[in-house]
Amino acid sequence: MPSVMTSKCICIFVTNDVTHDSRVLRTASYFASKGHTVEIIGLTSKREALTDESIDRNTHIHRVPRYDQPTTESKNIFKIAKYYLPLLYTGTENTRRMLQYARTLQPKIVYANDLDTLLLAYRFARASRVPLILDAHEILTETISQSKLPSYISWAFKKYYTYIEKRYLPKTQLLVTVCNSIADYYHNKYPGLAIQVIKNVPSKSLVPKKTENLHALFKIPNNTKIVLYQGKFLPGRGILQLIDAIRLLPQQYVLCLIGEGSMENEMKKRIDLLQITSRVFFTGQLPIEKLLSYTAGASLGTVLIEDINLSKRFALPNKLFEYMAAGIPILGSSLPEIKRVILDNACGQVIDKLDPQTIGNAIENILNSTNLFRLGKNGQIAFQTTYNWDLESVKLQSVIDTYTKFE
């Protein structure tokens with residue numbers, strides 16, 4: 001039995017394996033540092049079956065065995081029915097399993113991450129008579145349209161999550177989100193909703209004491225310029241356009257891709273087709289504590305979010321601040337939140353078009369600039385003074401002060 005069974009805990013729900021979810025781990029760590037017992041309930045990884053893990057004496061992770069979502073080609077009626085039958089009670093078979101485990105706990109706050117955990121979190125918080133908080137990292141009802149599901153399934157999911165949002169979001173005690181644009185979006189839809197913006201930024205403790213030598217790692221000449229993308233390999237992030245742009249650049253420019261995701265096979269096929277396999281390098285998913293040492297070894301970081309829906313338009317991704325923390329200049333999309341951070345802090349360049357030629361020209365412009373070092377340094381100073389978890393996490397204290405009084 002996990003140690004948290006014996007005391008009241010802050011119960012955090014998330015539908016991933018937690019390991020690489022830096023925001024969830026940072027939030028849990030802050031609560032734990034204030035003496036609270038924290039139970040994170042997630043899902044097992046598709047690669048590993050690790051279920052229980054204690055991060056420290058106050059923080060425990062329980063991963064429910066993942067029940068894989070049936071594919072659109074599946075003809076197994078039993079499997080399809082088992083996965084989707086809980087839709088109106090908890091969400092899916094996975095969230096039903098999460099709720100089943102949660103009922104062994106004594107919560108004092110229920111903290112849901114993103115809309116896909118809201119229904120189960122609402123059921124649990126209501127039964128336990130404790131406050132419910134939703135941390136919306138994005139606008140989920142908007143991101144569904146970028147999936148590769150058939151249009152009729154995407155339409156059904158969007159209708160479903162729109163219903164969940166409309167019915168249950170107003171029942172939360174607090175909505176936490178990552179930027180002002182998303183906060184304004186929800187405020188306009190739900191005027192009476194309490195909202196707190198807590199940016200998704202790294203901790204100062206993660207700033208690398210040593211830089212990973214990517215030139216040595218990839219066996220490339222020291223005068224080679226390394227363009228970096230880090231994060232999930234998913235649609236809407238300008239990854240294929242970035243790969244195309246590398247092909248247009250001179251040989252001394254290479255691309256490093258840190259992460260993993262559903263687009264990886266498509267990316268590798270594109271790289272093979274363009275015959276640039278010797279200029280594109282994959283590191284795989286890296287541990288959070290090692291990530292920034294690799295980031296710091298690059299010449300330039302990219303945040304090329306595509307304006308394909310409102311969630312993407314309002315994005316303020318963690319990687320932007322990771323690049324700043326590592327002291328490398330940034331090439332970003334000219335979207336409101338990304339543009340504001342880059343231009344206000346003079347730490348890179350933004351572009352309006354995400355075609356390969358425009359991207360390639362901007363990469364050359366930044367990396368051949370006489371101001372290159374200053375761009376990276378400006379970002380690093382802004383991270384140290386403004387955009388870091390040590391400052392943002394203080395806002396969670398008001399959450400503790402307000403909602404633990406219900407104990």
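The values are calculated or read from the model by the stated rules, or taken from the named source; none is laboratory data. A quick note: this is a predicted structure, and the numbers were derived from the prediction, not measured. Note: ideal-geometry Cβ built from the backbone for every residue, glycine included; neighbour counts use all protein chains shown. For accessibility, only protein heavy atoms count, side chains too; no ligands or nucleic acids. Shrake-Rupley method; radii C 1.70, N 1.55, O 1.52, S 1.80 Å.
Things worth noting here:
- Condition check for TYR152: outside any strand (DSSP E or B), among the hydroxyl-bearing types (Ser, Thr, Tyr) and modelled with pLDDT of 95 or more: no
- Cross-chain or 6+ apart pairs with Cβ under 6 Å, region 105-130 first and free of Cβ contacts under 8 Å to residues at least 24 places away in the same chain and among the hydrophobic types (A, V, I, L, M, F, W, C), then open to solvent by less than 20 Å² (accessible area, probe 1.4 Å) and outside any helix (DSSP H, G or I): ALA125/VAL110; ALA125/LEU132
- Restricting ILE351, ILE366 to those that are farther than 25 Å from ARG26 by Cα and touching a Ser or Thr at 6+ places or on another chain (Cβ under 8 Å) reduces the list to ILE351.
- Taken residue by residue, region 364-384 has no member that is touching a helix residue (DSSP H, G or I) at 6+ places or on another chain (Cβ under 9 Å), open to solvent by less than 20 Å² (accessible area, probe 1.4 Å) and more than 27 Å from LYS209 (Cα to Cα).
- Restricting attention to region 177-235 and to residues that are in a helix (DSSP H, G or I) and small (Gly, Ala, Ser), the residue that is nearest to LYS395 (Cα to Cα) turns out to be ALA183.
- All of ILE80, ILE109 fail the test of being over 30 Å from ALA32 (Cα atoms) and hydrophobic (A, V, I, L, M, F, W, C), apart from ILE80.
- Any pair with Cβ under 9 angstrom, 6 or more apart, that starts in region 347-365 at a residue that is without any contact (Cβ under 8 Å) to a residue 60 or more places away in the chain and within 17 Å of LEU320 (Cβ to Cβ) and ends at one that is of a type in the set (S, T, N, Q) and in a helix (DSSP H, G or I): CYS347/ASN378; CYS347/GLN380; GLY348/ASN378; GLN349/ASN365; ILE351/THR358; ILE351/ASN361
Here is a yes/no grid of residues against (1) part of a helix (DSSP H, G or I); (2) under 23 Å from VAL303 (Cα atoms); (3) modelled with pLDDT of 95 or more:
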| residue | (1), (2), (3) |
| --- | --- |
| GLN349 | no, yes, yes |
| LEU354 | no, yes, yes |
| GLN357 | yes, yes, yes |
| ASN361 | yes, yes, yes |
| GLU364 | yes, yes, yes |
| LEU375 | yes, yes, yes |
| ASN378 | yes, yes, yes |
| ILE400 | yes, no, no |
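- Residues within region 99-113 that are crowded, with 24+ Cβ neighbours inside 10 Å and aromatic (Phe, Trp, Tyr), tallied: 1
- Taking first residues from region 261-273 that are closer than 13 Å to GLY238 by Cβ and free of Cβ contacts under 8 Å to residues at least 60 places away in the same chain and partners that are in a loop (DSSP other than H, G, I, E, B) and open to solvent by less than 70 Å² (accessible area, probe 1.4 Å), the Cβ contacts under 7 Å between residues at least 6 apart in sequence or on separate chains come to MET263/PHE233; MET263/LEU234; MET263/PRO235; MET267/PHE233.
- Where a residue in region 198-218 is closer than 18 Å to ALA298 by Cα and its partner, wherever it lies, is open to solvent by 30 Å² or more (accessible area, probe 1.4 Å) and of a type in the set (Phe, Trp, Tyr), with Cβ under 6 Å and at least six apart: GLU212/TYR294; PHE218/PHE281
- One residue stands out among those in region 219-237 that are more than 20 Å from the chain's Cα centre (by Cα) and open to solvent by 30 Å² or more (accessible area, probe 1.4 Å): the one that is nearest to ILE351 (Cα to Cα), which is LYS225.
- Residues in region 49-63 that are charged (D, E, K, R) and either within 14 Å of SER7 (Cβ to Cβ) or touching a helix residue (DSSP H, G or I) at 6+ places or on another chain (Cβ under 7 Å) (or both): ASP56, ARG57.
- Complete set of residues in region 324-347 that are open to solvent by 20 Å² or more (accessible area, probe 1.4 Å) and either assigned to a helix (DSSP H, G or I) or closer than 17 Å to GLY238 by Cα (or both): SER334, PRO336, LYS339, ARG340, LEU343, ASP344
- The residue of region 180-218 that is farthest from THR385 (Cα to Cα), among those that are loosely packed, with under 15 Cβ neighbours inside 10 Å and polar (S, T, N, Q), is ASN188.
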